[in-house]
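The block underneath contains the structure these notes are about, expressed in structure tokens.
Nothing in this text is a laboratory measurement; each read-out follows from the coordinates by a stated rule. None of the values given here were measured: they were computed from a predicted structure. Backbone-built Cβ (ideal geometry, glycine too); neighbour counts: all protein chains shown.
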Amino acid sequence: MNQIVVVALICANTVQAPDCTRETAIDIVTGPAHTLQECLIQGPVIAANSGIPIAKDSYVKTRCEPRR
């Protein structure tokens with residue numbers, strides 16, 4: 001069973017990276033990961049493959065959270 005959830009936060013460039021959270025993100029994409037390394041790699045990948053357009057004035061921040 002996957003123990004880690006990949007959370008790809010799509011945030012506007014006007015939001016500083018430390019302030020990019022689930023509450024301030026334009027959109028959120030999640031997926032499973034088996035390891036922390038896999039999670040860090042998968043964040044931008046799942047965001048890119050989600051079909052959600054990522055505007056030039058936004059960026060993707062990856063968070064790795066334990067599955068609840």
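Listing for the model above:
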| read-out | value |
| --- | --- |
| Qualifying residue in the range 21-28 (condition: part of a strand (DSSP E or B) and touching a residue at least 24 places away in the same chain (Cβ under 8 Å)) | yes |
| Counted residues, the range 2-20 - those being surrounded by 11 or more Cβ atoms within 10 Å (Cβ to Cβ) and in a loop (DSSP other than H, G, I, E, B) | 4 |
| Test: residue in the range 32-52 that is in a strand (DSSP E or B) and crowded, with 17+ Cβ neighbours inside 10 Å | yes |
| Subset of the range 53-68 that is not in a loop (DSSP other than H, G, I, E, B) and not small (Gly, Ala, Ser) - its residue that is farthest from the chain's Cα centre (by Cα) | Pro66 |
